[in-house]
Amino acid sequence: MRIKVKIILTSLLFLTSLHSSQYFIAMDLGTTPSSKIYLEAHNQLNRPVKDVLISIPIETLLKKYPDFNVNAFIVFDGEKEIPSQTEDTNGDATADNILALVDFLDGETKTILIEYGKTAVIKKKFKKRTHAELSIKTDYVLENGYYTQGKFESIEKSIVPANHFAHDALYKYEGPGWESEKVAYRYYLDSRNRNDIFGKKCSDLILNIVGKDDLISDGNESYTQMCDWGMDIFKVGESLGIGSIAIWKDDRVNTISNTESTTCKITNDGLIKSNILTKYQNTKVGNTSFDILSLISIHAGSRLTRVDLTISDSLQVFCTGIAKHLGCSLIADNKNLRWGYIASYGKQSLDGSNLGLAIFYKKSDLIKNTEDDLSFISVLKPTGRKLTYYFTAAWEKEMNGIRSQEEFVKYIDNIISELSFPIKIKLL
């Protein structure tokens, strides 16, 4: 039986270790009857776009195809099998979406096939191109609140201990990390709650080795110096770092620093996309308290981190931004598109090299762009208690990296055009 379907999806620009991990995305169709779902995808732009992540809600597929097997499917672009995976977006250990990575020529319309059956076997391997991790100290000796000795072990979930504080060495590189081939990020899983950047000189996934032997947190960690893979390239301090979550209240930035409890979970460590879900319960800002749910994600071939926020109090307003550094002025968006940005470029890397930073937001969410002594700031209003924005970092020492402000402005202009004119997919 042949079933034909066309769907419209959104183009998402998001986005191993030094080993080349390979994982399967395949099934044996030679001995098993299969069903077919066809998607027609159209590139609205008059230029090629590469490594576009398309997302198909599994709930939608099951309504139309109740026999769809989420554990036994493969995806084709024409005759070529392409990398795909499922993702869990809410941390309930159930797959919510099917993802596939697709390339398009300028203005191209193409047919994507999802083929599924009753059984699956390992058949074809694809290189793992994203990674998310959280590692915690085990076998430690606790000395005056500091976690000394021991070793770091990767875990899926952590409820942050109430007595955890900055630099106590409980978590490897102080919190969770996420990466694509191009760049790696982390955020501090403590009262600082800010995002930081690992610049990469290679295309390997490296987070599993970063900081693994740094058993104390004293500012002299191995990644503060140039390594074969790269280094920590960013000075965050008391600024918003890059894309950190904050509340705009009393006409100033209020970071997420006072919570009753914080739970961090790696919901996907995938071939082409990885996600980190964090729940901040009873977050206190001034005299109010509320819950915040944050889903951070990155996809293959992209520098972009996507941030999806849900807040329990509809009266609250978010803000985010990028750190100010001497000699790096604001680059303002001047395009008339649905998405906009604030950005900066210059010698703002810790090693003195050029680094570009940007925040991307829907213009319909923007209340204002402003600044304080530490950060360039975007103030953003959630819609239905939800907000999505992106951020990116482009280091000139990346492999085939961006090496001038002109190249960086062209790159971020391309990003807002891709966000404003996403890949269209429609049902047949």
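The values are calculated or read from the model by the stated rules, or taken from the named source; none is laboratory data. Given the structure is predicted, the values throughout are model-derived calculations rather than measurements. Note: ideal-geometry Cβ built from the backbone for every residue, glycine included; neighbour counts use all protein chains shown.
Quick notes on this structure:
- Of the residues Leu277, Leu355, Leu271, Leu304, the single one that is under 19 Å from Pro382 (Cα atoms) and modelled with pLDDT of 95 or more is Leu277.
- Extreme residue, nearest to Gln281 (Cα to Cα), among residues of the range 178-191 that are buried (at least 20 other Cβ atoms within 10 Å of the Cβ) and out of contact with any Gly (no Cβ under 9 Å at 6 or more places or on another chain): Trp178
- Checked against the criterion of being of a type in the set (S, T, N, Q) and within 23 Å of the chain's Cα centre (by Cα), the range 141-150 contains not a single residue that satisfies it.
- Condition met for Asp365 (closer than 26 Å to Asp251 by Cα, surrounded by 14 or more Cβ atoms within 10 Å (Cβ to Cβ) and charged (D, E, K, R)): yes
- Matching residues, the range 373-417, being within 20 Å of the chain's Cα centre (by Cα), closer than 30 Å to Phe290 by Cβ and of a type in the set (S, T, N, Q): Ser378, Thr388, Thr392
- Unique match (being of a type in the set (Ser, Thr, Tyr), surrounded by fewer than 16 Cβ atoms within 10 Å (Cβ to Cβ), within 14 Å of Ile37 (Cβ to Cβ) and in contact with an Asp or Glu (Cβ under 7 Å, 6 or more places away or on another chain)) among Thr60, Thr111, Thr94: Thr111
- When the strands (runs of 3 or more DSSP E) confined to the range 366-428 are screened for residues that are modelled with pLDDT of 95 or more and out of contact with any His (no Cβ under 8 Å at 6 or more places or on another chain), those reaching at least 3 such residues are found at 366-371, 375-380, 386-395.
- Filtering the range 131-169 to residues that are of a type in the set (Phe, Trp, Tyr) and surrounded by 14 or more Cβ atoms within 10 Å (Cβ to Cβ) leaves Tyr140, Tyr146, Tyr147, Phe152.
- Test: residue in the range 53-69 that is on the phi > 0 side of the Ramachandran plot, in contact with a strand residue (DSSP E or B) (Cβ under 6 Å, 6 or more places away or on another chain) and of a type outside the set (A, V, I, L, M, F, W, C): no
- Residue identified as of a type outside the set (Gly, Ala, Ser), part of a loop (DSSP other than H, G, I, E, B), surrounded by fewer than 18 Cβ atoms within 10 Å (Cβ to Cβ) and in contact with a strand residue (DSSP E or B) (Cβ under 8 Å, 6 or more places away or on another chain) among Ile216, Ile206: Ile216
- In the range 231-278, the residue that is surrounded by the fewest Cβ atoms within 10 Å (Cβ to Cβ) out of those that are of a type in the set (Gly, Ala, Ser) and assigned to a loop (DSSP other than H, G, I, E, B) is Gly237.
- Taking the listed residues Gly401, Gly384, Gly346, the one that is of a type in the set (Gly, Ala, Ser), buried (at least 16 other Cβ atoms within 10 Å of the Cβ) and more than 23 Å from Ser239 (Cα to Cα) is Gly401, with no other qualifying.
- Matching entry among Thr60, Thr89 (being closer than 29 Å to Phe421 by Cα, over 21 Å from the mean Cα position of the chain (by Cα), among the hydroxyl-bearing types (Ser, Thr, Tyr) and outside any strand (DSSP E or B)): Thr60
- Failed item, numbered, when Ser302 is tested on (1) buried (at least 24 other Cβ atoms within 10 Å of the Cβ); (2) part of a strand (DSSP E or B): (2)
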